[in-house]
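Trainee: Handing you this structure, nothing more for now.
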Amino acid sequence: MRNVTYDNITETVVQAYASTADGRTGDILALLIRRLHDFVREAKLTPREWEAAMAFLARAAASTDEQRNEFILLSDLLGVSALVDLIDGRRDKNASITTLMGPFYVPKTPVILNGADLSGGNDGERIVVYGRIRASDDEPLGGAQIEVWQNAPNGLYAVQDPDQPEHNLRGTLHADEDGNYAFATAKPISYQVPDDGAGGELVRAGGRHCWRPAHIHIMISAQGCRRHVSQIFDAGDPYIDEDAVFGVRGPLAVPYDQQPSEKELTRFADIHRPFNVANVDFVLARA
Ligand code: BEZ
Ligand code: FE
């Protein structure tokens with residue numbers, strides 16, 4: 001390692017990490033070093049640009065704490081989180097597509113009855129979301145646990161807003177024995193991911209915006225299956241084709257303005273009218 005040159009530096013660094021004890025970590029490290037060096041070579045990164053990049057990462061670190069991880073947001077805004085999820089989803093081609101969990105999930109939210117109305121005192125139009133949950137081998141997932149969370153009509157999630165009740169627009173329900181689930185809620189609205197940190201700098205530099213189309217988060221857990229993380233998007237949202245974090249998947253974009261049929265009005269007779277309906281089935285990958 002005495003004479004490190006432009007030509008041998010990449011192999012020198014890869015070799016320096018060749019004794020990495022964990023095999024997978026060693027493989028990832030070697031790939032990372034090679035790609036990182038290729039990137040620096042191809043971009044012909046100048047010392048000034050390198051300094052700016054280090055300062056940018058330091059600013060991301062400065063706005064990261066227990067509540068907020070700016071590095072996850074940068075990963076989201078660069079499509080890396082979405083790519084990791086898309087790679088993971090290729091393991092079972094028969095399962096429904098998944099998407100990002102996002103930062104606003106809270107475990108152990110209050111249990112509500114299957115078919116209940118989550119909308120509480122929130123303004124906004126009501127929507128009934130319903131469907132069936134089964135495994136990729138077609139077995140209905142009776143009793144599957146469904147956790148739901150979304151933002152309020154002011155665009156904020158309960159965890160971001162001390163003025164909302166602790167569990168506003170969140171809850172946990174269980175599918176019936178055939179895997180059928182239903183809940184009513186107040187329609188969520190589009191909102192912006194935090195833009196006051198390094199993530200915002202990145203988005204502005206790229207001439208983009210921080211908006212996400214309206215969506216309802218849903219996470220399904222059932223015995224014998226992989227945990228299924230999804231979002232149900234409003235297909236009519238103005239940001240549906242330009243989600244800041246690249247989370248929209250075709251099958252998860254459904255119209256939020258669908259009028260209920262006579263059959264649906266009868267099935268959801270307990271829900272206060274008027275309401276729209278969104279019918280979304282989920283197929284979970286086997287564990
Ligand atoms: C969300 O879905 O709430 C979200 C996802 C990624 C980044 C920020 C928010
Ligand atoms: Fe969200």
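The values are calculated or read from the model by the stated rules, or taken from the named source; none is laboratory data. No experiment lies behind these values; they were computed from the predicted model shown. Each accessible area value is taken on the protein alone, full model and side chains, heavy atoms only, with ligands, DNA and RNA left out. Shrake-Rupley method; radii C 1.70, N 1.55, O 1.52, S 1.80 Å.
Trainee: Considering only protein heavy atoms and a 1.4 Å probe, what is the carbon-and-sulfur percentage of the accessible area of the stretch 82-284? Write out the running numbers ahead of the final one.
Mentor: Working: 4910 of 9760 Å².
Solvent-exposed carbon and sulfur of the stretch 82-284 make up 50 percent of the total.
Trainee: Now for a separate question. Tell me whether the stretch 45-155 comes out rounded, prolate or oblate; compute the Cα gyration tensor, take square roots of the eigenvalues as a ≥ b ≥ c, and use a/c under 1.5 as the rounded threshold. Spell out each step's value before the answer.
Mentor: Details: a/c = 3.15, a/b = 1.64, b/c = 1.92.
Since a/c reaches 1.5 but b/c is at least a/b, the shape of the stretch 45-155 is classed as oblate.
Trainee: Would you mind pulling out the separation of the Cα centroids of the stretch 103-170 and the stretch 188-241, in Å?
Mentor: About 16 Å separates the Cα centre of the stretch 103-170 from the one of the stretch 188-241.
Trainee: Using Cα atoms only, what is the angle between the long axis of helix 47-62 and the major principal axis of the chain, expressed in degrees (0 to 90) to the nearest 10?
Mentor: 40 degrees
Trainee: On to the next question. Pairing the Cα long axis of helix 23-43 with the longest principal axis of the chain, what angle in degrees results, from 0 to 90 and rounded to the nearest 10?
Mentor: 70 degrees
Trainee: Using a 1.4 Å probe, what is the accessible area per residue for the stretch 82-284, in Å²?
Mentor: Values: 9760 Å² over 203 residues.
Per-residue value: 48 Å².
Trainee: Something else now. Can you give me the long-range amide H partners of G171? Hydrogens built in the peptide plane at 1.01 Å from N, cutoff under 5 Å, separation of 5 or more residues or another chain.
Mentor: Residues meeting the amide H criterion: V148.
Trainee: Let me have the relative contact order for the stretch 1-124, percent, based on Cα pairs under 8 Å that are six or more residues apart.
Mentor: Numbers: 39 pairs, mean separation 12.3, N = 124.
Rounded, it is 10 percent for the stretch 1-124.
Trainee: Next question, about the same structure. Which of the three applies to the chain, rounded, prolate or oblate, going by the alpha-carbon gyration tensor with a ≥ b ≥ c and a/c under 1.5 meaning rounded?
Mentor: Prolate shape, in that a/c is at least 1.5 and a/b is the bigger ratio.
Trainee: In addition: Is the shape of the stretch 1-45 rounded, prolate or oblate, going by the alpha carbon gyration tensor and its root eigenvalues a ≥ b ≥ c, with a/c under 1.5 for rounded and a/b larger than b/c for prolate? If you can, show how the numbers build up before the last one.
Mentor: Working: a/c = 4.32, a/b = 1.39, b/c = 3.12.
The shape class here is oblate.
Trainee: If the viscosity is 1.567 mPa s and the temperature 4 °C, what Stokes-Einstein diffusion coefficient in µm²/s follows for the stretch 142-231 when Rh is the Kirkwood radius over Cα pairs? Intermediate results must be reported in sequence, preceding the final value.
Mentor: Details: Rh = 15.0 Å.
Once the numbers are plugged in, D ends up at 86 µm²/s.
Trainee: Here is a follow-up. On a straight-distance basis, which lysines could pair with K187 in a cross-link, Cα separation under 24 angstrom, same-chain partners fewer than 8 positions away excluded?
Mentor: List returned: K108, K263.
Trainee: Another question, if that's okay. Could you tell me the relative contact order of the chain? Use alpha-carbon pairs under 8 Å, at least six residues apart, and round to a whole percent. Working shown, then result.
Mentor: Values: 495 pairs, mean separation 60.4, N = 287.
Answer for the chain is 21 percent.
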